[in-house]
Amino acid sequence: MYRRDFLKMVSGTAAALSLPKPFFKFTISEIEKRPNILWIVTEDINDDLGCYGDKYSYTPNLDKFAGEGIRFTNVYDHSGVCAPTRSGIITCMYPTTMGSGAMRCSAVPPAEIKCFTEYLRAAGYYCTNNDKTDYNFKTSQNVKTETAAPVSAWDENSSKAHWRNRSKGQPFFSVFNIFTTHESQIRVPEKQFEKNIAHVDPKHLHKKTDAVLPPYYPDTPVVRNDWAKYYDLISAMDLQVKEILDQLKEDGLVEDTIVFFYGDNGRGLPRAKRWIYDSGIKMGLLVRWPKNFKPGSINDDLVGFIDLGAAVLSLAGVPIPQHFQGVPFLGKSSGEKRKYIFAARDRMDERYDVIRAVRDKKFKYIRNFMPFLPYAQHIEYMDQMPTMKEMRRLNADGKLNTVQELFFRKTKPLEELYYITTDPYEINNLAGMPGYERTLLKMREVVNNWMIETEDTGLIPEPILVSSMRPQISWEKTENPYISAVKKNGDYYEIEIDCATEGASIVYKTEKVYEKWKYFSKKIKVKNNTTIYIQANRLGFEMSDIVNFIVNKNLKALPLKEKIDRDWKKDFRKDNLFKKLLDLKNLDFLPDEKALPKLYQALDDKSDSLRYWAVLGIHYKSNSEESISYAKKHLEKIINDGSPVVRIACAHALCDWDEEKTAIPVLLKELKHPLESVRLHAAIALDSIGDKIKPYSDQIKKTINPIADTYDQKVLRHTAEGLI
């Protein structure tokens, strides 16, 4: 298993927290020799392009582009959905390490983690993003995750961001995000859809009758319609890619620019996007660099999305930070090839789950940490797709075949193992089958080791994780930056800037309104009597105030302040919690009668997370009348536990065991908790217990805000629909 000395990062050394010194030694002449780098990113598609052998797909421009560079055939997303995926891409770190694995969360990454574009900016690159971010960490609790980005990450971040706005001769890294193929565009009203595909020649629109559907989809007109629309949108996107490439050509930059094309996660249809089957994570990646990459070449090395940023730094000649989990697969720093890629699924919109996967070139292993949950949990946004509605309808009518109905089982297997070579759709689970025991055990061990080495936060319930990142549910603000050194040098002053918040990045400018923020990474020269404006940010913190100083003989430097850091992982690490949680969950491999005594012992543990999983284990492993009676006595004693998620887990179990009169009031009370993730846990429990909540329907309906877009409200609306 490839391991990039990850433990050096988590040790919290000062060296790991700063920008490497070589970044500060570039000369202008060296910068001018560096290649430009362009990313063209589209949404919600796999490698469903003509150049990948898809005969149904019509993508002439991307096919031509593929013939001019490298086509990668073993590239994988780590999450299967946009926000955790983009969180990992921008940092070259697993979201599970940073606590950013849940969909649209607001994480506080450890202090040493920065956006990889900051290293490019420090090296003199002009960095632009047009314009989706969705990084799962915000600069304020009042901004949307989809558009939030730290000011240190980009020179420009907007719908107008473009390499054309850079200084003459400055190398650039530019990202253009194409929304056309997003899942929502499959199901827009017909007029809007026709507008989306208006530039596609009608003769190249996709015939529904020609579609080749995956075996896990029912073959109906509704499904074929969505499938054809998906491919029509890909053809429309292909034209948009050409427009961007044409701009590069117009500017005479083709020879000097490395261009990447990829989709951010799998296709926006059931059992694809949001899932870590290959239909959710196996991606296309095309890379062109004229005169450097052999045209029409194919590369089948395993590549993970967290490797993309590392590859960019390598191609740009920028040293790879020691803490990166991403492995450069191109450029001078490329080295050891991956043996495995890893993927994870945690909270997906308003529904919790914990799934981990590892894949090599032959096998995919999946570990379901919540096997008691179904695959097809109701998700408000996902369930708007006509194909999803069709599948639910056919399942309710008993009209799905044995392969198609797998997705609607009430529970999941503990483990899944697929031989991808002969089973690319991952429908024949080999876990427990004769002849595959050694492979199963090996892949299980690889996942276990990866989770421990990367300090996987997925087994820490979200309310506990959020409370660790933000005690008292408060957002921390980055300390205001200050002048730490000032020295007169001729007509200029050389100044240095610092910030007391550990891991903070600093930007500055000398014109308040019209000038773009510059990235601070070394001494800067400022003319006498110039006003300098500075601001600092740490990922997941609120921005500092913008402070200003007049640079002249009266400006005094402040002594270096002691760095302020609050390592929210410190106590988890000290208590060896990551291993303890995994050990507890590995009791799932034991027979219930052997696992239950150890789960009862864990009820007394000081860790809220361990007690939570112990309650869940007892809940779903107590299946006999005797074991349920024994469990009731113990859970009734801790239903007033100090942790809200433990209380909710106890109440949910007791509801299932006909003690709803005691338990439902506990759940109703937690619906008023100030933390959304606590309210979500309570709402999910209430949504799961069926008709037992009917006597409380008036109380539940009073908690519903019809215009609120929070996840707990989405679940409560679903619950209320069932009460009608």
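Just so it is clear, none of the values below were taken in a lab; they were calculated from the coordinates. All of these numbers come straight from a predicted model, not from anything done at the bench. All Cβ positions, glycine included, derive from the backbone under ideal geometry; neighbour counts span all protein chains shown.
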Exercise for the section: May I ask for the net charge around Glu670, where only other residues with Cβ less than 9 Å from the Cβ of Glu670 are counted and Lys, Arg are +1 while Asp, Glu are -1? Expected result: +4
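Out of the range 623-724, which trypsin sites (Lys or Arg not before Pro) are coil in DSSP terms and have no more than 12 other C-beta atoms within 10 Å? Show your work: numbers first, answer last.
Working: sites: Lys632, Lys633, Lys637, Arg647, Lys661, Lys669, Lys672, Arg679, Lys692, Lys701, Lys702, Lys714, Arg717; in loops: Lys672.
Answer by residue number: Lys672.
Classify the range 333-421 from the C-alpha gyration tensor, please: rounded if a/c falls under 1.5, else prolate or oblate depending on whether a/b exceeds b/c.
Verdict is prolate for the range 333-421.
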Problem - Cα-based reach from Lys525 at 19 Å (exclusive), listing aspartates and glutamates while leaving out same-chain residues under 8 positions away - result: Asp491, Glu494, Glu496, Asp498, Glu511, Glu515
Fill in the blank from the handout: Links exceeding 28 Å between C-alpha atoms in this model, out of Lys362/Lys621; Lys522/Lys561; Lys332/Lys580, come to Lys362/Lys621; Lys332/Lys580
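Looking at the square roots a ≥ b ≥ c of the eigenvalues of the Cα gyration tensor of the range 101-159, which shape do they give, rounded for a/c under 1.5, prolate if a/b is larger than b/c, or oblate?
Details: a/c = 2.34, a/b = 1.37, b/c = 1.71.
Oblate, since a/c reaches 1.5 and b/c is not below a/b.
Which value, in Å³ per residue, describes the convex hull spanned by the Cα atoms of the range 494-614? Write out the running numbers ahead of the final one.
On the way: hull volume 18.5 nm³, N = 121.
It is 153 Å³ per residue.
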Handout entry: Positive dipole terminus of the range 35-336, leading residue within Tyr52, Ser158, Val81 (C-beta point charges)
Key = Ser158
Exercise for the section: Beta carbons within 10 angstrom, averaged per residue: use that to sort the peptides 520-528, 577-585, highest first. Expected result: 577-585, 520-528
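Around Asp567, under 14 Å between beta carbons, what's the net of Lys plus Arg minus Asp minus Glu among the other residues? Each step should come with its number before you reach the end.
Values: positive: Arg470, Arg538, Lys563, Arg566, Lys569, Lys570, Arg573, Lys574; negative: Glu112, Glu455, Glu476, Glu502, Asp565, Asp571, Asp575.
Computed value for this residue: +1.
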Exercise for the section: Please give, to one decimal in nm, the separation of the simple spin-label points placed at Lys208 and Glu494, each 7 Å out from Cα toward the Cβ. Expected result: 7.1
Exercise for the section: Match the structure shown to one of the listed values (1) 42, 34, 24; (2) 52, 27, 24; (3) 75, 30, 20 of semi-axes √(5λ) of the Cα gyration tensor in Å, computed from it, and give that label. Expected result: (1)
Exercise for the section: For a footprinting-style exposure proxy, rank Glu636, Glu455 by other Cβ within 10 Å, fewest first. Expected result: Glu636, Glu455
Completion exercise
Quick calc, the chain, dipole around Cα centre from Cβ unit charges on Lys, Arg (+) and Asp, Glu (-), nearest 20 debye, gives 1580
Fill in the blank from the handout: If one compares the long axis through the Cα atoms of helix 676-687 with the longest principal axis of the Cα atoms of the chain, the angle in degrees, nearest 10, works out at 30
Practice task
Express in whole angstrom the spacing between the alpha-carbon centres of the range 557-619 and the range 50-86.
Solution key: 39
Exercise for the section: Before anything else, pin down the relative contact order of the range 91-148: Cα pairs under 8 Å, at least 6 apart, normalised by residue count, whole percent. Expected result: 31
Practice task
Only Cα pairs under 8 Å and at least 6 apart count here; give the relative contact order of the chain as a rounded whole percent.
Solution key: 15
Handout entry: For Ile564, residues with placed amide H under 5 Å, excluding near neighbours
Key = Thr501, Glu502
Practice task
Using packing as a proxy for protection, rank 422-430, 350-358 so that the peptide with the highest average count of other Cβ atoms within 10 Å comes first.
Solution key: 350-358, 422-430
Practice task
Please state the charge dipole magnitude for the range 283-350, taken about the Cα centre, from unit charges on C-beta atoms (+1 on K and R, -1 on D and E), reported in debye and rounded to the nearest 20.
Solution key: 380
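Computed FRET efficiency, Cβ-Cβ of Tyr630 and Gln192, R0 56 Å: what is it to the nearest 0.05? Walk me through the numbers on the way to the answer.
Values: r = 58 Å, r/R0 = 1.03.
It comes out at approximately 0.45.
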Practice task
With the Cα gyration tensor of the range 95-135 in hand, convert its eigenvalues to equivalent ellipsoid semi-axes via √(5λ) and list them largest first in whole Å.
Solution key: 23, 14, 6
Handout entry: Set of aspartates and glutamates near Lys632 by C-alpha distance (under 14 Å), chain-local residues within fewer than 8 positions excluded
Key = Asp656, Asp658, Glu659, Glu660
Exercise for the section: Return the sequence-ordered ³J(HN,Hα) values of the range 365-382 in whole Hz as given by the Karplus equation 6.51 cos²θ - 1.76 cosθ + 1.60 applied to θ = phi - 60°, using x for Gly and Pro. Expected result: 10, 10, 10, 9, 7, 10, x, 6, 9, x, 5, 8, 4, 5, 10, 3, 5, 4
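For a Förster distance of 35 Å, can you work out the FRET efficiency between the beta-carbons of Lys579 and Tyr436, rounded to the nearest 0.05?
Values: r = 27 Å, r/R0 = 0.77.
Result of the calculation: an efficiency of 0.85.
Checking the table Lys585/Lys672; Lys477/Lys516; Lys672/Lys714; Lys606/Lys637; Lys364/Lys389 against a 24 Å threshold on Cα-Cα, which pairs fail? Let's see the in-between values first.
Numbers: Lys585/Lys672 30 Å; Lys477/Lys516 22 Å; Lys672/Lys714 15 Å; Lys606/Lys637 16 Å; Lys364/Lys389 29 Å.
Too far apart for the 24 Å limit: Lys585/Lys672; Lys364/Lys389.
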Fill in the blank from the handout: Over 23 Å (Cα to Cα) among Lys412/Lys594; Lys144/Lys563; Lys132/Lys273 -> Lys144/Lys563
Practice task
Note down the net charge around Glu43, summing +1 for each Lys or Arg and -1 for each Asp or Glu among other residues with Cβ under 9 Å from its Cβ.
Solution key: -2
Practice task
Using a 10 Å cut-off on Cβ atoms, rank the peptides 492-504, 141-153 from the highest mean neighbour count down.
Solution key: 492-504, 141-153
Handout entry: GluC sites (Glu not before Pro) restricted to DSSP loop in the range 504-553 with at most 12 other C-beta within 10 Å
Key = Glu511, Glu515
